[in-house]
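Q: My structure is below; once you've seen it, I'll send some questions.
The values are calculated or read from the model by the stated rules, or taken from the named source; none is laboratory data. Note that the structure is a prediction, hence the values are computed from the model and not measured. Surface accessibility is based on the protein's heavy atoms, side chains included, excluding ligands, DNA and RNA. Shrake-Rupley method; radii C 1.70, N 1.55, O 1.52, S 1.80 Å.
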Amino acid sequence: MRQTSDRFRAAAFAQETDDVLVVLVTIEHPELDTPLRFCSDATTRFGEDPLSYGIDSRGDRFYYLPIKVTLPDEQEGAPQAKISMDNIGQETLALIRSVVSPPPTAKIELVLAATPDQVEIAFPIFFVVSGTTNAQTVEIDMTFDNLAQEPVPSMLYTPGKFPALFDQI
């Protein structure tokens, strides 16, 4: 059973609330110097040149982007999630397009804007399996299981590994 705070449960079940749910997304890859951190709410103004908003959570700065996150559901198969980001800068778009192999990982966390250091719901690490981009939008599909990277067949039946198969009767 997932443990969440009383404040989160009250906000989740209330008809109206002043509490704001913020989605935090962290994308990591060995080729990136620092992880890409995005959030779904412009809680704090960070600077004016360039104008930037976001939220600080547990010592990390998450920058606001208009993102839409589709969380995993209870369908059969590997759980999948999707992130759609709009109006991203050309530098970020070029950086995301440059990352190819191994696949990046992404972490999704939910916090309340009033208590950003308390993670209410955290999803395990997702593997990015595909993505599409255009001039200003990035859509990333992710899954828990990285089945695309599994070798087929997973093991070869050789005399060294399975000698009983090769014994002659």
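Q: Please give the contour-minus-distance gain from Asp19 to Ile121: 0.36 nm per residue of separation, less the Cα-Cα distance, rounded to one decimal in nm.
A: Result for the pair: 35.2 nm of gain on full extension.
Q: Further question on the same structure: Assuming 0.692 mPa s and 37 °C, estimate D for the stretch 1-65 with Stokes-Einstein, Rh taken as the Kirkwood radius over Cα pairs, in µm²/s.
A: It diffuses with D of about 238 µm²/s by this estimate.
Q: Based on DSSP, what percent of beta bridges with both residues in the stretch 22-91 are antiparallel, to the nearest 5? Each step should come with its number before you reach the end.
A: On the way: 16 of 18 bridges.
So the antiparallel bridges amount to about 90 percent of the total.
Q: With a 1.4 Å probe and all protein chains in place, put Leu156, Leu21, Leu32 in order of accessible area, largest first.
A: Leu156, Leu21, Leu32
Q: Oh, and also: Measuring with a 1.4 Å probe in the full set of protein chains, what accessible area per residue, in whole Å², belongs to the stretch 1-68?
A: Dividing the accessible area of the stretch 1-68 by its residue count gives 68 Å².
Q: Sticking with this structure for a sec: Considering only protein heavy atoms, what is the solvent-accessible area of Glu28 at a probe of 1.4 Å, reported in Å² to the nearest 10?
A: Accessible area, nearest 10 Å²: 80 Å².
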